[in-house]
Amino acid sequence: MGDENREMMRQMVREFVEKQVCPHVMEWDEAQVFPVDTFKAMGQLGLMGVLVPEEYGGAGLGYDEYVDVIVEVARVCGSVGLSLAAHNSLCSGHILAFGNDEQKQRWLPKLATAEWIGAWALTEANTGSDALRMGTAAVLDGDEYVVNGAKNWITHGKSGDIAVVMVRTGEKARSHGVSALVIKKGTPGFTHGKKENKLGMRASETTELIFDNCRVPRENLLGEEGDGFRQAMKVLDGGRISIAALALGIAKGALAAATKYAKERHQFGQPIANFQGISFKLADMATEVEAAELLIRQACALKNRGEDVTKNSAMAKYYASEVAVRCATEAVQIFGGYGYTKDFPVEKYYRDSKLCTIGEGTSEIQKLVIAREVLK
Ligand SMILES: Cc1cc2nc3c(=O)[nH]c(=O)nc-3n(C[C@H](O)[C@H](O)[C@H](O)COP(=O)(O)OP(=O)(O)OC[C@H]3O[C@@H](n4cnc5c(N)ncnc54)[C@H](O)[C@@H]3O)c2cc1C
């Protein structure tokens, strides 16, 4: 997409978010409402199938445009940004990368328009960073897998219409012992459990998934049996770019709010921006935001060219998410007491930003991935 069209798309997303998201951000946050209708309206704009090729009903755009969309959304509402990232990168991204043509035709057009909301389930109560030791198991019985177990922390666990679920089909804790199954809502034996009451990202729904003798057609297996863990790691390579973009959006939102406030708020007879103690905070924040964006754009370029992105997406995600937390923290400081209230947006950036250092692999796990690549 050319620069002019990209700017037009950013403008379109910005206007939508200003009108349809901004007025409701705190109401959704406080009530922990996942705004399904807004999500579907974003689907009508093509924002739920940004990377999905046009032949499967998507917008067929590249990673830079995808990052643009998430940043525009996240600078106003991290929760909607997180949901958008999980739907696009994880659920649709997994089917797009590893589904066969029939599977892509069957599921992607509905996901790309948000007629269906997508979920992706790897994590369990006892296995987060160490996902390979998952307990949820699927046993082949005729032409169906019988799935038993539970997944935790699943974005769209309740409202999702379809989920890509990583299950154990072989030996425990062996990478070739995991497979990826697509499971439709309403399949007997598939229900959702507890919804998490979270610190931040409260308008993004996070719940448990429960499988009790849930029978899934064998034709819902993505790729080969036993290839699910490798697939999940590849999906996360792309997904981490989206969490980095989410973090960048939050950091940009926090920086913009703090800059405006520093020019407006007077103490000792002058704007607080005149104090070096404040302006240097803004300088650090602005520098880190630009550095984070460069790392993200580098990962996008590699991804667009189809090159390996494991190290670069981990670097982008690690750095951008830590920057989001630092920027949000400093923004609260610049707002002083007002920053500690719900009357200004920075307390929400502060709460939401923390998810970015945890979801899709913690900062420690990103360092582990980066170190492994560096030491190769
Ligand atoms: C809002 C939200 C949405 C989520 N959405 C999804 C989703 O849609 N799908 C999904 O599958 N999962 C999802 N997750 C789960 C998320 O990916 C996990 O929470 C994350 O991977 C960390 O796992 P854990 O919470 O079990 O932490 P743990 O793995 O228990 O980690 C605890 C601490 O130990 C550290 N640690 C662990 N192992 C090491 C190590 N080897 N070296 C150094 N430090 C280590 C971690 O960095 C962390 O600080 C979501 C989580 C949240 C909070």
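The values are calculated or read from the model by the stated rules, or taken from the named source; none is laboratory data. Here the structure is a predicted model, which means the values were calculated and not measured. Every residue, glycine as well, gets a Cβ built from its backbone with ideal geometry; the counts of neighbours run over all protein chains shown. In case anyone asks, the SASA skips ligands and DNA or RNA and just uses the protein heavy atoms, side chains included. Shrake-Rupley method; radii C 1.70, N 1.55, O 1.52, S 1.80 Å.
Within region 124-135, can you find the residues that are out of contact with any helix residue (DSSP H, G or I) (no Cβ under 6 Å at 6 or more places or on another chain) and within 11 Å of the ligand (Cβ to nearest atom)?
Those that are out of contact with any helix residue (DSSP H, G or I) (no Cβ under 6 Å at 6 or more places or on another chain) and within 11 Å of the ligand (Cβ to nearest atom): Glu124, Ala125, Asn126, Gly128, Asp130, Ala131, Arg133, Met134.
Condition check ((1) within 16 Å of the ligand (Cβ to nearest atom); (2) open to solvent by 40 Å² or more (accessible area, probe 1.4 Å); (3) not in a helix (DSSP H, G or I)) across all residues:
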position	(1), (2), (3)
Pro23	no, yes, no
Glu30	no, yes, no
Thr38	no, no, no
Leu47	no, no, yes
Asp64	no, no, no
Glu72	no, no, no
Leu84	yes, no, no
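For the subset of region 284-328 comprising residues that are without any contact (Cβ under 8 Å) to a residue 24 or more places away in the chain and within 27 Å of Ala258 (Cα to Cα), which member is least open to solvent (accessible area, probe 1.4 Å)?
Filtering first and then ranking leaves Thr287.
Of the conditions (1) buried (at least 21 other Cβ atoms within 10 Å of the Cβ); (2) without any contact (Cβ under 8 Å) to a residue 12 or more places away in the chain, Asn5 satisfies every one except a single condition; which number is it?
Unmet condition: (1).
Please enumerate the residues belonging to region 102-123 that are more than 8 Å from the ligand (Cβ to nearest atom) and open to solvent by 10 Å² or more (accessible area, probe 1.4 Å). Break it down stepwise before answering.
Going residue by residue through region 102-123, those that are more than 8 Å from the ligand (Cβ to nearest atom) are 102-118.
Residues satisfying the conditions are Glu102, Lys104, Gln105, Arg106, Pro109, Lys110, Thr113, Glu115, Trp116.
So that you can scan it fast, the table gives a plain yes or no per residue for (1) without any contact (Cβ under 8 Å) to a residue 60 or more places away in the chain; (2) open to solvent by 10 Å² or more (accessible area, probe 1.4 Å):
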position	(1), (2)
Val147	no, no
Ala150	no, yes
Thr169	yes, yes
Val178	yes, no
Leu181	yes, no
Gly186	yes, yes
Phe190	yes, yes
Lys194	yes, yes
Met201	no, no
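So, of the residues in region 108-129 that are in contact with a Ser or Thr (Cβ under 8 Å, 6 or more places away or on another chain) and assigned to a helix (DSSP H, G or I), which turns out to be nearest to Ser159 (Cα to Cα)?
Leu111
Somewhere in region 259-276, is a residue crowded, with 21+ Cβ neighbours inside 10 Å, part of a helix (DSSP H, G or I) and hydrophobic (A, V, I, L, M, F, W, C)? Can you show your working first?
Taking region 259-276 first, the residues crowded, with 21+ Cβ neighbours inside 10 Å are 261.
Cutting the leftovers down to part of a helix (DSSP H, G or I) gives us 261.
Those left that are additionally hydrophobic (A, V, I, L, M, F, W, C): none.
The answer is no, given that none of the residues of region 259-276 is crowded, with 21+ Cβ neighbours inside 10 Å, part of a helix (DSSP H, G or I) and hydrophobic (A, V, I, L, M, F, W, C).
I need a count of the residues in region 152-161 that are without any contact (Cβ under 8 Å) to a residue 60 or more places away in the chain and open to solvent by less than 30 Å² (accessible area, probe 1.4 Å).
3
Being in the same structural domain as Val235 (by TED's automatic domain parsing), in contact with a Leu (Cβ under 9 Å, 6 or more places away or on another chain) and over 24 Å from Ile154 (Cβ atoms), is that true of even one residue in region 344-365?
So far as region 344-365 goes, no, none of its residues is in the same structural domain as Val235 (by TED's automatic domain parsing), in contact with a Leu (Cβ under 9 Å, 6 or more places away or on another chain) and over 24 Å from Ile154 (Cβ atoms).
Please enumerate the residues belonging to region 331-376 that are in a loop (DSSP other than H, G, I, E, B), more than 15 Å from the ligand (Cβ to nearest atom) and either surrounded by 19 or more Cβ atoms within 10 Å (Cβ to Cβ) or polar (S, T, N, Q) (or both).
Residues satisfying the conditions are Thr341, Pro345.
Suppose the filter is away from the ligand (no atom under 16 Å from the Cβ), of a type in the set (D, E, K, R) and in a helix (DSSP H, G or I); does Lys311 pass it? Even if it seems obvious, please write down each step before you answer.
Values: away from the ligand (no atom under 16 Å from the Cβ): yes; of a type in the set (D, E, K, R): yes; in a helix (DSSP H, G or I): yes.
Considered against the rule, which asks whether it is away from the ligand (no atom under 16 Å from the Cβ), of a type in the set (D, E, K, R) and in a helix (DSSP H, G or I), Lys311 comes out as yes.
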